[in-house]
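The values are calculated or read from the model by the stated rules, or taken from the named source; none is laboratory data. In this text the structure is predicted, and so the values were computed from the model without any measurement. Note that each Cβ is placed from the backbone with ideal geometry, even for glycine, and that neighbours are counted across all protein chains shown. Side chains are part of the model used for accessible areas, which takes the heavy atoms of the whole protein and leaves out ligands, DNA and RNA. Shrake-Rupley method; radii C 1.70, N 1.55, O 1.52, S 1.80 Å.
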Amino acid sequence: KSEGFAHRVIAEDKRHIYVHDDYADYLEQHGYRKYHGSEHDGYFENKGAIVSKIPAEHQVDQWVANRACEFSENYRGDQPFALMVSFPGPHCPYDPPIEFADLYRPEDMPANIPATDDSRLFRELVIGMHKRPWNQVDYTDFQEHHKRKIRAHYAALVHQIDQGIGRIVAALNASRFRADTVIIFASDHGDFLGDYDLIGKHLFYEPSIRVPLIVTLPRVSTARSVESLVSLTDVMATILAFARVDQSGRGD
């Protein structure tokens, strides 16, 4: 399905291992397949923090970055483009390849935010949710060493995406579009990673809902930080305004 795009190259959520998308085709061509977290050593003992069976050069976030770079290098159209690059990571399972996992030590990770009387009300709900087949991990016993290892692997996944974004920006800067392209970086949600003795998202606490929102404008070199409350629902209108597209009659 095109989902409204003129051209769509698909890598679904890391947990959608049975969806045969473009990334699945790529893996098959290189002798791999999508793996459930439970197919990795230490998955249950380490509460989902594992080393991926897929080498770094074939990781899904690397693959997404490569496809985006190819677009910048090969686009020959005369019309402006809108390119959406969606990284499946750093979503669980917390599965960096060994080269990135070795960059971060659990003992160097920040301690978690302690549970509160309010957050404890949701713990059984979160535990039950993560016991389902998509995850299968039991977080009833969730100790500090588990949380620090998860955080280290999460940092490694973020590092991998950072490198991919750097390559995308470099490819854009080497193209004819560098002088008039707006770049917006955001995320859909965060992850508790042990904060409040929780994992995942699903609750309106800051580790889950506070996400990055960075906008780079052409010919603007002065950086500034805005403390105003913003929402991802603002992004569409912002993009249309940048593109000088009439917004009358449009819904949410």
Odd one out for Asn66 among (1) open to solvent by 70 Å² or more (accessible area, probe 1.4 Å); (2) more than 30 Å from His145 (Cβ to Cβ): (1)
Selection status of Arg224, of a type in the set (Lys, Arg), more than 25 Å from Cys69 (Cβ to Cβ) and either open to solvent by 100 Å² or more (accessible area, probe 1.4 Å) or at pLDDT 95 or above (or both): yes
Which listed residue is of a type in the set (Asp, Glu) and in contact (Cβ under 8 Å) with a residue 12 or more places away in the chain, from Glu12, Glu45, Glu57, Glu28: Glu12
Pairs with Cβ under 8 Å, 6+ apart, first in the range 120-135 and farther than 12 Å from Ile199 by Cα and assigned to a helix (DSSP H, G or I), second open to solvent by 30 Å² or more (accessible area, probe 1.4 Å) and of a type in the set (D, E, K, R): Arg120/Asp197
Unmet requirement for Ala179, which otherwise passes all of (1) of a type in the set (A, V, I, L, M); (2) in contact (Cβ under 8 Å) with a residue 24 or more places away in the chain; (3) open to solvent by 90 Å² or more (accessible area, probe 1.4 Å): (3)
The range 64-83 residues that are modelled with pLDDT of 95 or more, paired with ones that are open to solvent by 60 Å² or more (accessible area, probe 1.4 Å) and not in a loop (DSSP other than H, G, I, E, B) (beta carbon under 6 Å, 6 or more apart): Ala65/Arg167; Cys69/Arg167
Answer from Asp117, Asp95, Asp102, Asp108 - the residue that is closer than 27 Å to Phe142 by Cβ, crowded, with 20+ Cβ neighbours inside 10 Å, of a type in the set (D, E, K, R) and modelled with pLDDT of 95 or more: Asp95
